[in-house]
Amino acid sequence: MKVLVIGGTLFIGRLLVTELVKAGHDVTVLHRRASHDLGSVGKKTIANLMADRNDPAQIRAALAGQQFEVVFDNVYDWERGTTAAQVEATALAVGDSLRRYIFVSSVAAYGEGLNHYEGDGLAQENHPDAYVRNKAMSERVLFRLHQRYGMPVVTLRPPYIYGPGNPFHRESFFWERFRDNRKIVIPGDGRRLMQFVFVKDMVTAAMAAMTTPAAVGHAFNIASPKAITQVDTVHALAEAAGKKGVELVKVSREKLLKAGGHPMGPKLYFGFYFDLPPITMLVTKAQRVLKFKPTEFGAGLKETYKAWKAISGKLPVPDYTYEDSVL
């Protein structure tokens, strides 16, 4: 099939593009640059379209005359946000030969709460967090297009995605500190719940959504079934790195924030965006409809650590000044 991947040059998109080409599909990536560094897979080249997905006029111009059967929309602008109106403009510009529009949303779309099913209500339009608000509203507008015009929409709701090539300072944040024999800051009591999904599982689920007829018009939670605490997350990361005797130091969030810390940095204390109120979900629908089989967390972490260790010597030297001030 002819497939468009919006945002195909980084983490999820990069692996998705590779797997799509391996499966025999004709793949085009759309992003803000005139070329990509994806190369080719086997004898197949990967086409390139240049546009800012937040600019509807650019999107319409780039897609004019193009016909795609499947679109994977998996890019979010963290600096400016990507709104529901911008997602809708993209969906309306992709042509009339569409067989699937697969939108990567987030567990954040629920706004708050534990053990969500896909039928639970999403965050309100006045939610104070722009990311939460944009993901929830984008899903609403896509499902309205499905209801009114039959657009073959599928949305996927992952939690924290981990795996080789993660551009966010998450797993690597802790592995740097294990390597340098640092104490690990635990915010508060360390009991906030976290839920993860391996990037390869995310891609497998996305490709299943592309070919499963029953997926159309549905949202799917895509995650490892079990949520774990922040403390247990650190222990799992340590085990994957073969690190024993890690010292954990609990520091109040009040102290961390007063010293200039923030979940999104630049003064990180627990990995990028890792210290958030918990939102968890159930994945039985994805297991039933998409035949989703999540990778065991420890196995996925070991594979991720191996990839990180191979490049760790080329990464910037961490600055521990902030952490030293709170420890």
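Here, each number is a calculation from the coordinates, and none is a lab measurement. Fair warning: this is a prediction, and the values are worked out from it, not measured in the lab. Glycine gets a Cβ as well: all are built from the backbone with ideal geometry, and neighbour counts include every protein chain shown.
Per residue and in Å³, how big is the convex hull formed by the alpha-carbon atoms of region 48-132?
Values: hull volume 10.0 nm³, N = 85.
That works out to 117 Å³ per residue.
What GluC sites (Glu not before Pro) does region 259-326 have in DSSP loop regions with at most 15 other beta carbons within 10 Å? Spell out each step's value before the answer.
Working: sites: 296, 303, 323; in loops: 296.
Those satisfying the criteria are 296.
Using just the Cα positions, wrap region 67-199 in a convex hull and report its mean projected area in square nanometres, one decimal place. All intermediate terms of the calculation are to be shown ahead of the outcome.
On the way: hull surface 41.4 nm².
Taking a quarter of the hull surface, the average projection is 10.4 nm².
Starting from region 196-255, pick out the GluC sites (Glu not before Pro) whose DSSP state is loop and whose Cβ has at most 11 other Cβ atoms within 10 Å. Display every interim value, and only then the final one.
Numbers: sites: 239, 247, 254; in loops: 247.
Qualifying residues, ordered by number: 247.
Please give the contour-minus-distance gain from residue 117 to residue 288: 0.36 nm per residue of separation, less the Cα-Cα distance, rounded to one decimal in nm. List each step's numbers first, then the result.
Values: separation 171, 0.36 × 171 = 61.56 nm, distance 1.33 nm.
Extending this stretch completely gives an extra 60.2 nm.
Just the ratio, please: alpha-carbon radius of gyration of region 249-294 over 2.2 N^0.38 Å, N its number of residues. Working shown, then result.
Details: Rg = 16.7 Å, N = 46, 2.2 N^0.38 = 9.4 Å.
Dividing the Cα Rg of region 249-294 by 2.2 N^0.38 Å gives 1.77.
What does the helix-only formula give at 222 nm for the chain: each DSSP H stretch with n ≥ 4 adding -39500 (n - 2.57), the total divided by the residues, and the result rounded to the nearest 500 deg cm²/dmol? Walk me through the intermediate numbers first.
Working: 11 runs with 116 residues, N = 327.
It lands at -10500 deg cm²/dmol.
Evaluate the Kirkwood expression for the hydrodynamic radius of region 121-201, namely the inverse of the mean inverse distance over all pairs of different C-alpha atoms, and round to one decimal in Å. If you can, show how the numbers build up before the last one.
Details: mean 1/r = 0.0619 Å⁻¹.
Across region 121-201, the inverse of the average 1/r is 16.2 Å.
State, as an integer percentage, the relative contact order of region 230-281 based on alpha-carbon contacts under 8 Å between residues 6 or more apart. Can you show the working numbers first?
Working: 21 pairs, mean separation 8.3, N = 52.
Reported as a whole number, the value is 16 percent.
What ranking of 281, 151 emerges when the number of other C-beta atoms within 10 Å of each C-beta is taken as an exposure proxy, fewest first?
Values: 281 25, 151 19.
Lowest count first: 151, 281.
Students often get this wrong, so check it: of 250/314; 244/302; 135/258; 267/306; 226/285, which have C-alpha atoms separated by over 21 Å?
On the way: 250/314 31 Å; 244/302 15 Å; 135/258 30 Å; 267/306 26 Å; 226/285 15 Å.
Beyond 21 Å between Cα atoms: 250/314; 135/258; 267/306.
In Å, what Kirkwood hydrodynamic radius results for the chain from the alpha-carbon pair distances? Walk me through the numbers on the way to the answer.
Numbers: mean 1/r = 0.0483 Å⁻¹.
Kirkwood radius, the chain: 20.7 Å.
Give the average over all directions of the projected area of the C-alpha convex hull of region 264-327, one decimal, in nm².
Working: hull surface 27.8 nm².
The Cα convex hull of region 264-327, projected and averaged over all directions, gives 6.9 nm².
So what are the radius of gyration and Dmax for the Cα set of region 168-315, in Å?
For region 168-315, the Cα-based Rg and Dmax read 17.0, 52 Å.
Could you state the principal axis extents of the C-alpha atoms in region 1-149, from the largest down, to the nearest angstrom?
47, 30, 30
Got the relative contact order for the chain handy, in percent, Cα pairs under 8 Å and 6 or more residues apart?
On the way: 609 pairs, mean separation 55.5, N = 327.
That works out to 17 percent.
Could you list 182, 144, 80, 177 so that the one with the fewest beta carbons within 10 Å of its beta carbon is first and the one with the most is last? Can you show the working numbers first?
Values: 182 18, 144 14, 80 11, 177 21.
Ascending number of Cβ neighbours within 10 Å: 80, 144, 182, 177.
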